[in-house]
Each structure stands twice: as C-alpha cells, then as structure tokens.
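Visitor: The structure under discussion is supplied below as structure tokens; questions concerning it will follow.
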Amino acid sequence: AADKLVEVGIPLRAEFCVTKQPHNLKRPMVLVTGGSGGAAPIGQAILAILPQLLHSADVMHICGDSMVKLCESAKASLDPDLKDHYAYLEYTDEMADYMREATVVVTRGSSQIFEIASLGRAMICIPLPSAAQNHQVKNVEYFVSRSAAVMILQSRLTPDTLYESMRADIPKDSI
C-alpha cells in the first residue's frame, strides 16, 4: 500500500490558487486574524498598539464575534485622522483577497499559514498553546526554519513584542 501513496502537500482552497494582482496600496497593510473565536490575546495586543501602528500602516482586523465590541470601542477612541486606517470585520468570506493585499499577516498557527505562504506574505504567528499535540507550534516552526515567519509564543506575547516583530515587515521610513 505504501507504493500507492503520493505526498502532495496541504490542500489549498480554490481562491488561493487563482493568480490575482493585489491593488497598489499607498500604505503597508497589516491583516490580523485569529479564527472564528477572534483570538482575544492577539486582538488585545493589536488594539493596545493600534494608535502607533496606524501612523504607518493600515490595519484590517478579522476579529471574530468575541472581539467586535472591543474593536468598535477602540476605533471610536482613535484620533479622527487615524480612524480611516483601521477596519474590522467579525468574519469574511474574502480572506484570500485580504491576505493578497497584506504586507504582513498576524495569525495563529493553523492550516491558514499554508495559505498565507502560498501568497508569499510575511507572517507573525502566535500559536494557540492548547492546540492538539502542539501542532500549531510545529506548523510555525516549519516556516520559521525557512525564514518565512516569526513566532511569538502566546506566553511571551505583549503589545511591545508584537510591534517589534512587525517593524521588520513594515518599511522603516513608515514607522
């Protein structure tokens, strides 16, 4: 039976196999996603650095239902000249398009990182510590070993560690 096995890699959703050119954005774009639950630790870290980050980048935050009210409140408290640079959605069916536009994607370590990699986007990954058999850490380690991702363990995640990790992916003259 082993002679009938063929290793083909991880399956990608069809929208990741379509060649599309991203729009020519005027500013770097940070995409933040944490799955349907919203990944509260990631969302809270992003919201804490949002004012300083928005001076140099646009942020699209796919926040999940648990973070909507916090995102709404954070946006309302922003300086008026920064509000247009932050958007949040509870959920989207257009994740491939957002990933294509992103300069850097902040995410967990689920199979989504393979989709991000297929688009050649920089990744900052915060693996879910309770993931079965530590598979998210193992997924991220694969990309870290190939200089395709940065990993921040959730136990070490702070607004500062996240911001410093982003600085490498956002043009220096922007920050």
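Visitor: How far is helix 40-54 tilted off the main Cα axis of the chain, in degrees rounded to 10, range 0 to 90?
Guide: Roughly 50 degrees, rounded to the nearest 10.
Visitor: Then there is this: Hey, if you put +1 on the Cβ of every Lys and Arg and -1 on every Asp and Glu Cβ in the range 86-169, which of V140, L89, I113 ends up farthest toward the positive end of that dipole?
Guide: Checking the options against the dipole of the range 86-169, the answer is V140.
Visitor: OK, next. How large is log10 I(q)/I(0) at q = 0.12, 0.20, 0.21, 0.23 Å⁻¹ when the Debye formula is applied to the Cα atoms of the range 74-175, each weighted equally and without solvent?
Guide: Summing over Cα pairs of the range 74-175 leads to -0.45, -1.17, -1.25, -1.37.
Visitor: If you don't mind, there's one more thing I want to ask. Angle, helix 68-77 long axis vs. longest principal axis of the chain, Cα atoms, 0 to 90°, nearest 10?
Guide: Tilt of helix 68-77: around 40 degrees.
Visitor: Excluding residues fewer than 8 places away in the same chain, name every one of the lysines whose C-alpha is closer than 17 Å to that of K69.
Guide: K83
Visitor: Magnitude of the Cβ-charge dipole of the range 62-175, K/R +1 and D/E -1, about the Cα centre, nearest 20 debye?
Guide: Approximately 500 debye in magnitude.
Visitor: Calculate one ³J(HN,Hα) per residue across the range 122-134 by plugging θ = phi - 60° into the Karplus curve 6.51 cos²θ - 1.76 cosθ + 1.60, and present them in order as whole Hz with x for glycine and proline.
Guide: Residue by residue, the range 122-134 yields 5, 10, 10, 10, 10, x, 5, x, 9, 4, 3, 6, 6 Hz.
Visitor: Could you give the angle, 0 to 90 degrees to the nearest 10, between helix 135-144's Cα long axis and the longest principal axis of the Cα atoms of the chain?
Guide: 80 degrees
Visitor: Taking H placed 1.01 Å from N in the peptide plane, check which residues at least 5 places from A122 or on another chain put their amide H under 5 Å from its amide H.
Guide: The list, which skips near neighbours in sequence, is V105.
Visitor: Turning to a different aspect of this structure: Could you give the nm distance between label points at L25 and L5, where each point is 7 Å from its Cα heading toward the beta carbon?
Guide: Label-label distance for L25 and L5, simple model: 4.0 nm.
Visitor: Specify whether the C-alpha gyration tensor of the range 60-100 places it in the rounded, prolate or oblate class, a ≥ b ≥ c being the square roots of the eigenvalues: rounded for a/c under 1.5, otherwise prolate if a/b is larger than b/c and oblate if not.
Guide: Note, shape of the range 60-100 comes out oblate.
Visitor: Follow-up. Which of L47, L25, L89 moves most in a GNM of the chain, Cα contacts under 10 Å?
Guide: L25
Visitor: Counting only C-alpha contacts under 8 Å and six or more residues apart, can you give the relative contact order of the chain as a whole percent?
Guide: 24 percent
We did not get these values from a lab; they are worked out from the coordinates using the rules stated. Quick caveat: nothing in here was measured; it's all calculated off a predicted structure. Counting neighbours? That spans all protein chains shown, and the Cβs are built from the backbone with ideal geometry, glycine included.
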